[in-house]
Structure formats: C-alpha cells, structure tokens
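Below is one structure, written out as structure tokens; the observations come after it.
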Amino acid sequence: MSQTSAAPIRLWRLGPWSRNPLMRGCDRLQSVMVILGVLFVLMMVPLAAAYGTATYSRLDQQTQAELASRHAVPATLVEDSHNGNASEPLPASPQYQDHAKVQWSVDGVTHTADVPTAAGTKSGQTVTVWLDPSGSVVAAPETGSQIAATAVSVACGIWVTAAGGYSLLFLIVHLMAARHHQAQLTREWNELDRPPGWHVS
C-alpha cells in the first residue's frame, strides 16, 4: 500500500469512532475537537463573507450620502507642504502626511484653510478640497477601492479571530489532556507491581 493511500486510512483510524483499545478518552475528545474545528472554520467563511458584504453596502450607502451633501472645489497651495497636524479632518488615505495652507474662491469670496496634503507638494499647485454644505473643509468621501479594502479587512478579521479563538481553545484542551495523561502515566508507573496494601509516598 502506497503512502498516499495509507494516509487517509491512518487519519480515519485516529477518529473518535476508532475501536482501538489503546485510544484514550482524551484522544477521542481531541479528535472530535479537530473535526468540529474544521467544520467551524469552513462555516465561518460564508458568515465572514456575508458580514463583509454587509459592511461594504453600509459604507457604500454612507459614501453616497456624503457625495450628495459634499462637493469638491479646486484650491491653490499658498505655501509648500510641511510636517505637522492639519486643523481639518484627515482623509482616509495614508498618503496625506503633510499639510499646507490653500486658497479657493466661491461666488467671488476667497477662502483659506490648512488642509492635509501629499508629501512634497509645492506652493502654486492645485489640489482638490472637499466642502460640506456649510462651506467647511471635510475629508474626501472614500473611494470604491477603499470601501472594498475595508470590507475585505473586516471579513478576514472576523474569520481570523474565529479561527484563532477556536485554535486557542483546542490548545488549552490539548495541554490539559497532556497534563492529565502525564499524571495518569505517573500514577500507573508508581503502582506498577505494587504489593497489595503498600502505598507510595
């Protein structure tokens, strides 16, 4: 019999249904937990995907609402970008690490604000500034790729957390079973060939 065909048979014999008299109760318990763990991890895939899809839908609706209430205007930098924290809300993209003052005009009125900018942006360049209905500078709505990345991260996070939690539970049970087995072996070794009525201190 080849090793390839023998492996499934060997795994089958390690199952909790095995009639091997040498298989201990803790071994059967761990076999059951392995089977349940595989089923649990597989079951969490569609559940995590469903939650990720719901997260995408929620963020997409939020973005559509923001696009309906916010508008973008072109603004001109009046200084080179530099390090520091801007006074306005930071966009979600990590590329905006510097900030600089910009100016833009609405209905002939000039406005100035300190906004996040990409590193190395120079005075005179044109950037896009997002405004809310009151004219205050706000963060740009998330793009479709950003929303998708967030949804995928949420789904993967749920799956990894569930799988990691079950793995931790299995590890605890395995350690407890190993400790119990070691104690049992020690007790049986101490009782080996013990005369009746003789106690080991």
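Does the stretch 157-179 include one or more residues that are open to solvent by 70 Å² or more (accessible area, probe 1.4 Å), over 30 Å from Gln30 (Cβ atoms) and modelled with pLDDT of 85 or more? Checking the stretch 157-179: not a single residue is open to solvent by 70 Å² or more (accessible area, probe 1.4 Å), over 30 Å from Gln30 (Cβ atoms) and modelled with pLDDT of 85 or more. Residues in the stretch 119-137 that are assigned to a strand (DSSP E or B), free of Cβ contacts under 8 Å to residues at least 60 places away in the same chain and crowded, with 16+ Cβ neighbours inside 10 Å: Val127, Val129, Val137. Considering the stretch 90-118, the residues that are open to solvent by 70 Å² or more (accessible area, probe 1.4 Å) and not in a strand (DSSP E or B) include one that is modelled with the lowest pLDDT, namely Leu90.
Note on the stretch 139-152: residues that are more than 17 Å from the chain's Cα centre (by Cα) and surrounded by fewer than 17 Cβ atoms within 10 Å (Cβ to Cβ) total 3.
Taking into account only those residues within the stretch 13-59 that are open to solvent by 90 Å² or more (accessible area, probe 1.4 Å) and part of a loop (DSSP other than H, G, I, E, B), which is modelled with the highest pLDDT? This residue is Arg19. Among the residues of this structure, Thr76 does not count as one that is part of a strand (DSSP E or B), touching a strand residue (DSSP E or B) at 6+ places or on another chain (Cβ under 9 Å), farther than 30 Å from Leu185 by Cα and at pLDDT below 85.
Taken as a whole, the condition of being open to solvent by less than 70 Å² (accessible area, probe 1.4 Å), touching a helix residue (DSSP H, G or I) at 6+ places or on another chain (Cβ under 6 Å), at pLDDT 90 or above and on the phi < 0 side of the Ramachandran plot does not apply to Ala65. Taking the numbered list (1) modelled with pLDDT of 85 or more; (2) more than 16 Å from Thr143 (Cα to Cα) in turn, Arg70 passes all entries but (2).
The values are calculated or read from the model by the stated rules, or taken from the named source; none is laboratory data. Just so you know, these numbers come straight off a predicted model, no measurement behind them. We place every Cβ from the backbone using ideal geometry, glycine too, and count neighbours over all the protein chains shown. Note: accessible area is taken over every heavy atom of the protein model, side chains too, but ligands, DNA and RNA are not part of it. Shrake-Rupley method; radii C 1.70, N 1.55, O 1.52, S 1.80 Å.
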